[in-house]
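Student: Here it is, the structure in full.
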Amino acid sequence: MITKKDNSGAKREDLSQLSAEFADCSEGARARTMTHTDTELATQVVDSEVSTSRASILDIFLEFLIIGATSFGGVVPYLRGSLVRKRHWIDDKEFVEMLSISQSLPGLNATNMAILVGEKLRGWMGSTMAILGICLPGAVLMYGVGEFYHRHGDHAWVTAGLKGVAAAAVGLLLYTVMGLSKKALSHKFDFFFTAATVLAVNRLHWSVPRALIIVGILAILFHRPHGHHEKSELAQ
Amino acid sequence: MNQIPALARVFAYLSLLTVGGGMAAFPEMKVLTVGVHNWLTFPQLIHIYSVGQMAPGPNMMMIVIIGQWAGGLLGAIVTLLAFFGPTALLAFVVAKAWKKLEKWPWRTSIQQGLAPVSIGLLLAGCFTMAKGAITGLETGAIAVGVLLILLQYKINPALLVVAAAVVGLFSFKPA
């Protein structure tokens, strides 16, 4: 039998691997912007070595605004590049911890991370500024897209392009799900819970909360703590 | 008819279903925005979600468009606040407690138990979307192609989505 301790150890390893992969992903994006932010970067590194908690409300808003405006193709690698490497507001360990909390809670990773990092830096005002900053550029852009689509959405050329985009989005989603499964599923039986959830929603047409609560409770009970007893027995 | 209260209600509710990712709420979003409230059609929902993948920032920003179509600028703002407000509040409150519960054995159980279910929800959202987006051999080939390229090469996914738009323009162009 696998003990809980082993499990959580493996989990932690996964997370550090996860973080390393994010580092790889962000490398290309960072390299492209490196040339004109080089000097800026250097001065900031010096600053943050002196003090990591000098982030002002405006700093937080602007940093997250930049992430919100430049994070094409997924926010997480950009978050790490900016918050850990450029600003030194949090370290890698904190980043991975916050990410794992973000994934367990409802809400998008990107916005949950903004809340957690903002809170750490400047309390509720920090959180508010961070989430506003990260959402604003995309929201304004999408508002424009909405206007355009409303006017030209039924144009044959637009429909043709959108057909390709929608198909690509399905492939991208599958890729995301596969990546998550590899990292987050710790037990063979987990695939049963995943399959049960899919069947409940797609075949039985359960509502999402019903599937989430019923299958979720079963899965949590399956993973119920039992290593705890073993540990206390050992202690005695 | 004033849609603002309905927008606030629907998106605050959907927000709480985004466990593991925005797509977890997609099947329910389809039922409520297309079926119950008729704010848009299913193909439109698929289109704006997909276009959203090309935009920077959190990847469910397309909800702004639903709000805009149903209730103008105010609708868009209300939708945005309703969709991100509740989970933001929850993250703010729970995160601190969650850190304190590090020694609590059920914390690991909850994380390990929710992981397969949230992946199932994402997959269910993916299938719901595939039903509308994969309409034939060509669209199927694009989806599989994108998946294989991503598995094989480190490439920015947003670039692939743009490339697929170009492929779409040429493959599905009007005669």
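No value in this document is a laboratory result; all are computed from the given coordinates. If you're wondering where the values come from, they're calculated on a predicted model, not measured in any experiment. Glycine gets a Cβ as well: all are built from the backbone with ideal geometry, and neighbour counts include every protein chain shown.
Student: Any idea which of B:92, B:127 is of a type in the set (Phe, Trp, Tyr), over 30 Å from residue A:161 (Cβ atoms) and either within 7 Å of chain A (Cβ to nearest Cβ) or in contact (Cβ under 8 Å) with a residue 60 or more places away in the chain (or both)?
Tutor: One residue alone meets the criteria, B:92.
Student: Looking only at region B:37-73, count how many residues are farther than 30 Å from residue A:78 by Cα and either at the interface with chain A (Cβ under 9 Å from one of its Cβ atoms) or without any contact (Cβ under 8 Å) to a residue 12 or more places away in the chain (or both).
Tutor: The total comes to 5.
Student: Pairs, please: C-beta under 7 Å, at least 6 apart or cross-chain, first residue assigned to a helix (DSSP H, G or I) and in region A:95-121, second of a type in the set (D, E, K, R)?
Tutor: Partner pairs satisfying both residue conditions: A:95/A:80.
Student: Turning to a different aspect of this structure: Checking residue A:158 against (1) facing chain B (nearest Cβ under 8 Å); (2) among the β-branched types (Val, Ile, Thr); (3) over 21 Å from residue A:60 (Cβ atoms), which test does it fail?
Tutor: Only one criterion is unmet by residue A:158, namely (1).
Student: Looking at (1) at the interface with chain A (Cβ under 7 Å from one of its Cβ atoms); (2) out of contact with any Cys (no Cβ under 9 Å at 6 or more places or on another chain); (3) closer than 14 Å to residue A:169 by Cα, which one does residue B:151 not meet, given that it meets all the others?
Tutor: Condition not satisfied by residue B:151: (3).
Student: Additional query: Could you please let me know if residue B:86 is of a type outside the set (A, V, I, L, M, F, W, C) and at the interface with another protein chain (Cβ under 7 Å from one of its Cβ atoms)?
Tutor: For residue B:86, the condition - of a type outside the set (A, V, I, L, M, F, W, C) and at the interface with another protein chain (Cβ under 7 Å from one of its Cβ atoms) - is not met.
Student: In this structure, is residue B:141 facing chain A (nearest Cβ under 7 Å) and in a helix (DSSP H, G or I)?
Tutor: no
Student: For region B:47-96, give me each residue that is over 16 Å from the mean Cα position of the chain (by Cα) and on the phi > 0 side of the Ramachandran plot.
Tutor: If the condition is that a residue be over 16 Å from the mean Cα position of the chain (by Cα) and on the phi > 0 side of the Ramachandran plot, then B:72 is the only one that fits.
Student: Quick check on region B:144-156. Is at least one of its residues surrounded by fewer than 20 Cβ atoms within 10 Å (Cβ to Cβ) and in contact with an Asp or Glu (Cβ under 9 Å, 6 or more places away or on another chain)?
Tutor: yes
Student: Sticking with this structure for a sec: Could you figure out which of (1) in a helix (DSSP H, G or I); (2) more than 7 Å from chain A (Cβ to nearest Cβ) isn't true of residue B:135?
Tutor: Among (1) in a helix (DSSP H, G or I); (2) more than 7 Å from chain A (Cβ to nearest Cβ), residue B:135 violates only (1).
Student: Can you tell me which residues in region A:103-137 are more than 7 Å from every other protein chain (Cβ to nearest Cβ), closer than 19 Å to residue B:82 by Cα and buried (at least 20 other Cβ atoms within 10 Å of the Cβ)?
Tutor: A:109, A:113, A:114, A:128, A:129, A:130, A:133
Student: Here's another thing I want to ask about it. Specify the residue that is farthest from the chain's Cα centre (by Cα); the eligible residues are those in region A:130-162 that are in a helix (DSSP H, G or I) and among the charged types (D, E, K, R).
Tutor: Result: A:151.
Student: Kindly provide the set of residues from region A:171-221 that are more than 7 Å from chain B (Cβ to nearest Cβ) and charged (D, E, K, R), ordered by number.
Tutor: Within region A:171-221, A:182, A:183, A:188, A:203, A:210 qualify.
Student: Just to be sure, is residue A:167 closer than 27 Å to residue B:174 by Cα and of a type outside the set (Phe, Trp, Tyr)?
Tutor: In short, yes.
Student: Residues of region B:157-171 being buried (at least 20 other Cβ atoms within 10 Å of the Cβ) and within 16 Å of residue A:162 (Cβ to Cβ), which ones?
Tutor: Correct list: B:160, B:161, B:164, B:165, B:167, B:168.
Student: Something else about it: Can you tell me which residues in region A:138-148 are at the interface with another protein chain (Cβ under 7 Å from one of its Cβ atoms) and over 16 Å from residue A:68 (Cα atoms)?
Tutor: Residues satisfying the conditions are A:145, A:146.
Student: Within region B:33-68, track down each residue that is part of a helix (DSSP H, G or I) and surrounded by fewer than 20 Cβ atoms within 10 Å (Cβ to Cβ).
Tutor: B:34, B:35, B:36, B:42, B:43
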